[in-house]
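Structure provided below as structure tokens; questions to follow.
The values are calculated or read from the model by the stated rules, or taken from the named source; none is laboratory data. This structure is a prediction, so every number in the text was calculated from the model and none was measured. Quick reminder, even Gly has a Cβ in these numbers, built from the backbone with ideal geometry, and neighbours come from all protein chains shown.
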Amino acid sequence: MATSKRRTSATTSESGAYMSQYDQEVEQRLQALESKAHTPCNGGGGAGSERIAALEAKVDTLIALLNNVSAVTEVCPKGKDGVRKISV
């Protein structure tokens, strides 16, 4: 039965731990992903923020409508004013 020999190169991490070639490749990939994950966005401006504002307005309208339905509000907790309503 023949065994295959795998050539590995070893190094140590910043903490001094042993790192195989595979570990080194995984670490490089992780660092590349982390650098992309921390790329700053455009600040949330533009059409995206307008769409979010429109959706928030729709949600507020729905909440106001639902607060006028007694079947909904009777299961809601009372607010500080003693009135049962949806509060988000």
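Kindly provide the set of residues from the stretch 66-81 that are outside any loop (DSSP other than H, G, I, E, B) and loosely packed, with under 11 Cβ neighbours inside 10 Å, ordered by number.
Step one: filter the stretch 66-81 for residues outside any loop (DSSP other than H, G, I, E, B), giving 66, 70-73, 78.
Selection gives Ser70, Ala71.
Might you check whether a residue that is over 30 Å from the mean Cα position of the chain (by Cα) and either part of a helix (DSSP H, G or I) or modelled with pLDDT of 95 or more (or both) occurs anywhere in the stretch 46-62?
Step one: filter the stretch 46-62 for residues over 30 Å from the mean Cα position of the chain (by Cα), giving none.
No, the conditions are met nowhere in the stretch 46-62.
If you take the residues of the stretch 34-45 that are in a helix (DSSP H, G or I) and over 19 Å from Glu14 (Cα atoms), which of them is modelled with the highest pLDDT?
Of the residues in the stretch 34-45, the ones in a helix (DSSP H, G or I) are 34-37.
Going one step further and asking which of them are over 19 Å from Glu14 (Cα atoms), we end up with 36-37.
Working: Lys36: 84, Ala37: 79.
Looking at residues that are in a helix (DSSP H, G or I) and over 19 Å from Glu14 (Cα atoms), I get Lys36.
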